[in-house]
Protein chains: 6
Amino acid sequence: MSNDKRPNDERFERGARALAAIDGRAGQNVVDALADIAPDFARYLIEFPFGDIYSRPGLGLREREIATIAALTALGNAAPQLKVHIEAGLNVGVSREEIVEILMQMAVYAGFPAALNGLFAAKEVFAARGG
Amino acid sequence: MSNDKRPNDERFERGARALAAIDGRAGQNVVDALADIAPDFARYLIEFPFGDIYSRPGLGLREREIATIAALTALGNAAPQLKVHIEAGLNVGVSREEIVEILMQMAVYAGFPAALNGLFAAKEVFAARGG
Amino acid sequence: MSNDKRPNDERFERGARALAAIDGRAGQNVVDALADIAPDFARYLIEFPFGDIYSRPGLGLREREIATIAALTALGNAAPQLKVHIEAGLNVGVSREEIVEILMQMAVYAGFPAALNGLFAAKEVFAARGG
Amino acid sequence: MSNDKRPNDERFERGARALAAIDGRAGQNVVDALADIAPDFARYLIEFPFGDIYSRPGLGLREREIATIAALTALGNAAPQLKVHIEAGLNVGVSREEIVEILMQMAVYAGFPAALNGLFAAKEVFAARGG
Amino acid sequence: MSNDKRPNDERFERGARALAAIDGRAGQNVVDALADIAPDFARYLIEFPFGDIYSRPGLGLREREIATIAALTALGNAAPQLKVHIEAGLNVGVSREEIVEILMQMAVYAGFPAALNGLFAAKEVFAARGG
Amino acid sequence: MSNDKRPNDERFERGARALAAIDGRAGQNVVDALADIAPDFARYLIEFPFGDIYSRPGLGLREREIATIAALTALGNAAPQLKVHIEAGLNVGVSREEIVEILMQMAVYAGFPAALNGLFAAKEVFAARGG
């Protein structure tokens, strides 16, 4: 039979490309860490957020990362993912200055502690990337 | 004495201009509703979020509203403010399509119920503005 | 047998007195509303929060209501209970001005939307109690 | 060409069957309400939660609804979805008594207001379905 | 005097038995850690959640732990307690596979970061208990 | 020109005095940590929360810290700030016993895990201050 692709291969491949472009090594680390406990969840993570949502044409990747950084800072209970997306923001063209502005703005909507914790997360990410 | 301005007049005036430009009538409604219970809080609302934060040059208003819409949708406990900022997004150049994309993306970070409630809020705002 | 009390009667009675003193009619309304769906939960509500916690001597009722009003405003997902405790605060000696100050302060820790929603809840409670 | 299915048709069809079996009319209402604002999101809602997650064999539907009712009650900011899943729980074999127990238990993990709001949501759902 | 029990002794003893059966050593560790700062809170923890709620007959312990694991994962701000209840779930007959399913399902209701953090907590608990 | 003050100098100086009186060294540490990433945010932190809110006359500092400790415990996602404000509470006259009472009370409004995490934060702060 000529159709040897699983039904979702296209979503998966599109998602894997998006994940690599946006999150770089950090995205792959999450996928690897899931391998022994929930490999299907790694697949869903690639397929739905990245294969479906981030691959949609109606909003730029820069705008998508601005939205994600804001949301994760406001929620305040997802520090590892916030760092991954501060990296991702830098990868898709959000500047350090813009990221700091987004984080400061979250003081208005989620309070000063949420903004402070976001700023200290950014400080770590910026330091790890250097100068 | 020639210096008849209160120390914060400049912040207040800058904030009032930003509030009017961004939130339009909805922002003034909030200020009016505070008049009899907490007039100082109306002043703080104008001075800090709008006079200080939204007036900073490091991030565009379009990007600021993308961040705010994302955060309020993710938090999920501020429906009236989310509607005000969906309006505000439209006022500063975020398109309806982009707003819908931001709201859908929040399913990834805050769950499908948060995204659904955001989409239904947008539906109300879009309907009230017409066509 | 002379000991005809159930083991928890003392907690229940102490809790019922505390509930009446603090929440007044609003507390009884909650108890009544639970009667047909979860009467045991009404009993727990009287026994644990009111019979155990609010009846402890180490913190005054005024201070307890300040803590509760702050927490419910910050959480932002318990509007009916916030109104009950704004009433309760007034019942145990927290002034309207103090309540407004607590609600405004929550802008710092939970964001302006949480504070605004708290202020509008207070506005309704104050109006219902009259000038 | 004989393969006229879109790649995701299988997921969609499996999800649509699961949605109908679990949420009944309420699930279809959500899909319908999304039709004019975000039809793709209706498709994602069918494909990912229902086509992927709820269709997995490793956990029974009864257990899945217990988990969802607990989570939505604890989060406290998704009242419409909580009602849909209280219905869904009843549809897949969770009894009224069990639902009330789950909701009461949430007082331990998310506080009494979250539990109370969950119980009052259940009261409405039970009343609408009749005695 | 013949009645030498304190009024709540029965609740306390029932709760202590339930805590030991459900949480094992981890529950006792929490009680021990409270001894010097809030010994009464250790007593309340035994009496209300375990003596009252978990000891009720209307819902099985397996179902109660499914609900608790779901809620703590969704809330996302109680990592130590989530680990205790992943252990507790295993103690009362929820399988590793079922726990992983519950955690993955939380992506739908609280977002992928909450689910990921839950899965990594489970990975630690499973590893500590061995293969 | 004789008016050489920037418009906000008065707010800043009032806020700096309040921050030093309330948070002591811990407040200055936060300001210092922001110096290289977001110095303007350090200024806002001094001006709005401390120069505006904490300096208002309508509520005592003791009551303000009770409210803040309660809110941060209930939110559960701001551990470093909670410790700073447990210190601050002690600095402005809230006793250790009162702080423990506030933290225990949060079990009622935000669940036992939030209260437990607050109590363990207090245990660390009390131990670091000695005796």
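The values are calculated or read from the model by the stated rules, or taken from the named source; none is laboratory data. The model shown is predicted, which means the values in this text are computed figures rather than measured ones. Neighbour counts are summed over all protein chains in view; Cβ atoms, including those assigned to glycine, are modelled from backbone coordinates with ideal geometry. These accessible areas exclude ligands, DNA and RNA; they are computed on the full protein's heavy atoms, side chains included. Shrake-Rupley method; radii C 1.70, N 1.55, O 1.52, S 1.80 Å.
What does the net charge come to around A:Glu124 if you take all other residues with beta carbon closer than 15 Å to its beta carbon, with K and R at +1 and D and E at -1?
Numbers: positive: A:Lys83, A:Arg96, A:Lys123, A:Arg129; negative: A:Glu87, F:Asp36.
With Lys, Arg at +1 and Asp, Glu at -1, the neighbours total +2.
Stokes-Einstein D for the stretch B:16-131 at 4 °C, 1.567 mPa s, Kirkwood Rh over Cα pairs, in µm²/s?
On the way: Rh = 14.5 Å.
The estimated diffusion coefficient comes to 89 µm²/s.
Accessible area per residue for the stretch A:18-131 in Å², computed with a 1.4 Å probe and the full protein assembly in place, what is it?
On the way: 3350 Å² over 114 residues.
Value for the stretch A:18-131: 29 Å² per residue.
Specify, for chain F, the residue whose C-beta is closest to the rotation axis mapping it onto chain E, with the distance given in whole Å.
F:Asn77, 3
Averaged over its residues, how many other protein chain Cβ atoms are within 10 Å of peptide B:77-86's Cβ atoms? Let's see the in-between values first.
Numbers: counts 13, 11, 3, 4, 7, 1, 0, 1, 2, 0.
Partner-chain Cβ atoms within 10 Å, mean over residues of B:77-86: 4.
Per residue of the stretch B:22-36, what does 6.51 cos²θ - 1.76 cosθ + 1.60 with θ = phi - 60° give for ³J(HN,Hα)? Whole Hz please, x for Gly and Pro, Karplus curve as stated.
With coefficients 6.51, -1.76 and 1.60, one gets 8, 9, x, 4, 4, x, 5, 4, 5, 4, 4, 5, 7, 4, 8 Hz.
Tell me which of C:Ala79, C:Val108, C:Asn29 sits at the most positive position along the dipole axis of the stretch C:12-131, charges placed on C-beta atoms (Lys, Arg +1; Asp, Glu -1).
C:Val108
Using the Kirkwood radius over Cα pairs, work out the Stokes-Einstein diffusion coefficient for the protein assembly as shown at 20 °C and 1.002 mPa s, in µm²/s as a whole number. Don't skip to the answer; put the middle values down first.
Details: Rh = 27.0 Å.
In µm²/s, the coefficient rounds to 79.
Based on alpha-carbon centroids, what's the gap between the stretch A:82-131 and the stretch B:72-131 in Å, whole number please?
23 Å
Taking only DSSP H segments of four or more residues, each worth -39500 (n - 2.57), what value at 222 nm results for chain D once the sum is divided by all its residues, to the nearest 500 deg cm²/dmol?
Helices in chain D give a 222 nm mean residue ellipticity of -22500 deg cm²/dmol.
If you place +1 on the Cβ of every Lys and Arg, -1 on the Cβ of every Asp and Glu, and leave all else neutral, what size is the dipole of the stretch A:62-101 about its Cα centre, to the nearest 20 Debye?
Numbers: 4 positive and 6 negative charges, 27 e Å.
The calculation lands at about 140 debye.
Go through E:Leu59, A:Leu75 and list them by solvent-accessible area, largest first, probe radius 1.4 Å. Please report the intermediate quantities before stating the final value.
Working: E:Leu59 10, A:Leu75 35 Å².
Order by accessible area, largest first: A:Leu75, E:Leu59.
If I model a spin label as a point 7 Å beyond the Cα along the Cα-Cβ vector, how far apart are those points for D:Asp9 and C:Arg62 in nm?
7.3 nm
What nm distances, shortest first, do you get from the label point of A:Gly58 to those in the other copies when the point sits 7 angstrom along Cα to Cβ?
Ordered by distance, the counterparts are at 3.2, 3.2, 4.2, 4.3, 5.3 nm.
Once you average over the residues of C:28-39, how many Cβ atoms of partner chains fall within 10 Å of each Cβ?
Details: counts 0, 0, 4, 0, 0, 4, 5, 0, 3, 11, 12, 0.
Taking all residues of C:28-39 together, the mean is 3.
In nm, what does the list of distances from E:Gln28 to its counterparts in the other copies look like, shortest first, when each label sits 7 Å along Cα to Cβ?
4.7, 4.7, 4.8, 5.6, 6.9
Ballpark to the nearest 100 Å², how much total accessible area do E and F bury together, probe 1.4 Å?
Details: alone 7980 and 7940 Å², together 14620 Å².
Interface between E and F: roughly 1300 Å².
Starting at the first residue of the stretch D:67-77, write each ³J(HN,Hα) from the Karplus equation 6.51 cos²θ - 1.76 cosθ + 1.60 with θ = phi - 60°, in whole Hz, x for Gly and Pro.
3J(HN,Hα) across the stretch D:67-77, in whole Hz: 5, 5, 4, 4, 5, 5, 5, 5, 5, x, 10.
Let me spell out the model: positive unit charges on the Cβ of Lys and Arg, negative unit charges on the Cβ of Asp and Glu, origin at the Cα centre of the stretch B:17-71. What dipole size does that give, in debye rounded to 20? Working shown, then result.
Values: 6 positive and 8 negative charges, 48 e Å.
It comes to approximately 240 debye.
Determine the shielding of peptide C:49-58 by partner chains: average, over its residues, the number of Cβ atoms on other chains within 10 angstrom of each Cβ. If you can, show how the numbers build up before the last one.
Values: counts 8, 1, 0, 10, 9, 2, 0, 6, 2, 10.
Across the residues of C:49-58, the mean count of other-chain Cβ atoms within 10 Å is 5.
Whole-Hz ³J(HN,Hα) for each residue in the stretch E:82-88, computed from phi via Karplus 6.51 cos²θ - 1.76 cosθ + 1.60 with θ = phi - 60°, x for glycine and proline: what do you get?
4, 4, 4, 7, 5, 4, 4
In nm, what does the list of distances from F:Arg96 to its counterparts in the other copies look like, shortest first, when each label sits 7 Å along Cα to Cβ?
Values, ascending and in nm: 4.2, 4.4, 4.4, 5.2, 6.3.
Quick one: dipole size for the stretch B:43-131, taken about the Cα centre, charges +1 on Lys/Arg Cβ and -1 on Asp/Glu Cβ, in debye to the nearest 20.
120 debye
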